[in-house]
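Quick one: this structure, given as structure tokens, is what I'll be asking you about.
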Amino acid sequence: MNDFLQREFLDNTVQDWAIVLLVALGILVFNSFIGRLLSKLFYQFFRRFAPAKGKRFTELLIPPLRMLLTLIALSVAFQFLTFPEALDFDLFGVHMSELMTGLMQLLMVLAITWMATRMVDFIGEVMADRAALTESTQDDQYVLFLKDVLRVIVYIASVFVILGAIFNLNITSLLAGAGLAGLAVALAAQDSLANLFGSLTIFGEKPFVMGDFVETNGILGVIEKVGFRSTRIRTLDKTYVTLPNRMIMENPINNLTDRTFRRVDYTVGILYGTPADTIRTIVDRIQEFIDEHPKTNENGIVAFHAFGASSLDIKVIYFIKEVDWNPYLKIREEVSLGIMQIVLDNGGDFAFPTTTVHLERDSSEAPEPEPYDPDKAPEVTGGTLGEEEG
């Protein structure tokens with residue numbers, strides 16, 4: 001048995017490979033337990049910040065933590081192995097040992113980055129829950145923006161670590177040359193920077209907040225998220241539209257939520273031939289109905305407006321106190337049906353588009369037909385229809 005364990009395979013004994021295999025099996029068996037234990041340990045730093053979120057924190061952190069533990073254990077285990085001569089060659093000018101070490105380090109950095117972004121997501125969820133307890137949606141908007149900013153910071157830090165630790169680049173020199181590079185990047189990423197400044201302008205001027213019903217760039221919908229680069233709007237037909245912040249700030253924004261009333265303006269067409277007193281009575285009754293309605297304000301205007309092409313037009317303008325779309329439609333329907341009943345009850349009727357055509361014929365073109373005289377009618381004798389008498 002000892003002789004078998006001392007046999008060499010790829011410049012390492014079977015015993016060395018068995019140790020690595022046992023380490024790998026141990027990772028598979030105990031990785032979940034160790035990951036859960038470490039996640040609970042990390043949660044102690046967030047307990048005061050989120051006292052009832054331990055389970056959620058563990059759910060978010062276990063996947064990247066298990067990946068990181070696996071990489072660390074394998075890296076330590078491979079330190080006890082001799083690098084095989086079969087892999088003693090260069091690939092693209094880099095020795096295979098350096099390439100494999102760099103690959104392992106890259107995976108570790110990616111696992112740490114994954115874990116950091118999960119922590120950012122956890123912090124964002126906790127802050128969003130706290131923001132939801134307030135009446136204002138402005139803090140909800142700040143939470144989403146701050147979460148995006150933190151994720152970008154994590155990604156940038158990871159890129160610098162990869163460049164410095166794995167590719168052995170001088171980070172100080174990179175930062176020193178960031179002036180010229182920054183100018184080049186600024187020229188190449190003008191739209192991205194414009195969108196970033198657009199988001200800062202939205203947060204500074206506050207033309208809208210999450211949950212507002214707005215109209216911009218020909219799009220009508222509810223603001224669901226203001227992000228680092230774009231704003232997302234849920235339209236009336238439930239589609240999800242993403243607009244760059246630059247486009248939003250460069251175009252007019254109609255915040256319909258800030259309105260105190262919704263204006264209604266339409267024309268009621270009455271039949272021609274309706275007496276003036278009847279029209280006057282209908283106008284007065286509609287005015288009283290609108291003024292006394294509990295969901296309209298007192299600024300409504302009803303007046304005989306114009307002689308239309310096929311109707312006598314009464315202009316009706318009033319304001320509904322409800323700004324939400326669905327209740328507004330119901331109130332408008334109620335008022336419209338009331339106006340219809342007033343017109344019918346007071347002797348009026350509704351006109352519809354009609355056209356009267358008068359045709360004239362010149363008497364010289366054809367003689368007038370003679371009136372029918374039964375005495376001059378031709379006499380029919382014998383035979384049947386379709387047969388000749390013979």
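Quick note: the coordinates plus some simple rules give every number you see, no bench work behind them. Model, not experiment: these values are computed from the prediction. Counting neighbours? That spans all protein chains shown, and the Cβs are built from the backbone with ideal geometry, glycine included.
With a ≥ b ≥ c the root eigenvalues of the C-alpha gyration tensor of segment 183-317, is it rounded (a/c under 1.5), prolate (a/b larger than b/c) or oblate? Walk me through the numbers before you get to the answer.
Working: a/c = 4.14, a/b = 3.02, b/c = 1.37.
It is prolate, given that a/c is not under 1.5 and a/b is the larger ratio.
Report, ordered by chain and residue number, the lysines lying within cross-link reach of Lys53, taken as a straight Cα distance under 20 Å and ignoring same-chain residues fewer than 8 apart.
Lys40, Lys147
Suppose every Lys and Arg Cβ carries +1 and every Asp and Glu Cβ carries -1, with no other charges. What dipole size does segment 15-57 come out with about its Cα centre, to the nearest 20 debye?
Details: 7 positive and 1 negative charges, 120 e Å.
For this selection, approximately 580 debye.
If you don't mind, another one. Can you give the charge dipole size of segment 288-357 about its Cα centre, rounded to the nearest 20 debye, using +1 on the beta carbon of Lys and Arg and -1 on the beta carbon of Asp and Glu? Could you put the intermediate results ahead of the total?
Values: 5 positive and 11 negative charges, 46 e Å.
Using Cβ point charges on Lys, Arg, Asp and Glu, segment 288-357 gives about 220 debye.
Same structure, new question: Work out how much length Ala128 to Glu59 would gain on full extension: take 0.36 nm times their residue separation and subtract the Cα-Cα distance, in nm to one decimal.
Details: separation 69, 0.36 × 69 = 24.84 nm, distance 1.80 nm.
Extra length available between Ala128 and Glu59 comes to 23.0 nm.
Between Arg234 and Leu200, how many nm apart are label points set 7 Å from Cα along the C-beta direction?
Modelled inter-label distance: 3.1 nm.
Rounded to the nearest 0.05, what FRET efficiency do Ile153 and Asp265 have when you use their Cβ-Cβ distance and R0 = 56 Å? It would help to have the intermediate numbers written out before the result.
Working: r = 51 Å, r/R0 = 0.91.
Approximately 0.65, to the nearest 0.05.
Using a Cα-Cα cut-off of under 29 Å, which lysines could be cross-linked to Lys295, ignoring same-chain neighbours fewer than 8 residues away?
Partners within reach: Lys238, Lys315, Lys321, Lys330.
Would you please give the FRET efficiency between Ile253 and Leu106, computed as 1/(1 + (r/R0)^6) with r the Cβ-Cβ distance and R0 = 41 Å, to the nearest 0.05? Display every interim value, and only then the final one.
On the way: r = 45 Å, r/R0 = 1.09.
Computed FRET efficiency for Ile253 and Leu106: 0.40.
Right, something else. Suppose the chain between Ser336 and His305 were pulled fully straight at 0.36 nm per residue; how much longer would it get relative to their current alpha carbon spacing? Provide the component values of the computation, followed by the final result.
Values: separation 31, 0.36 × 31 = 11.16 nm, distance 1.79 nm.
Fully extending the segment from Ser336 to His305 adds 9.4 nm.
Between Ala18 and Lys295, how high is the FRET efficiency from 1/(1 + (r/R0)^6) when r is the Cβ-Cβ distance and R₀ = 56 Å? Nearest 0.05. Mind showing how you got there, number by number?
Values: r = 82 Å, r/R0 = 1.47.
For Ala18 and Lys295, the calculated efficiency is 0.10.
Once the piece of chain linking Thr242 and Asn168 is laid out straight, how much longer is it, given 0.36 nm per residue of separation minus the C-alpha distance between them? Kindly include the intermediate steps, with their values, before the conclusion.
Values: separation 74, 0.36 × 74 = 26.64 nm, distance 3.95 nm.
Using 0.36 nm per residue and subtracting the Cα-Cα distance, I get 22.7 nm.
What is the set of long-range amide H partners of Lys225 at a cut-off below 5 Å, with H atoms built 1.01 Å from backbone N?
HN-HN under 5 Å from Lys225: Arg232.
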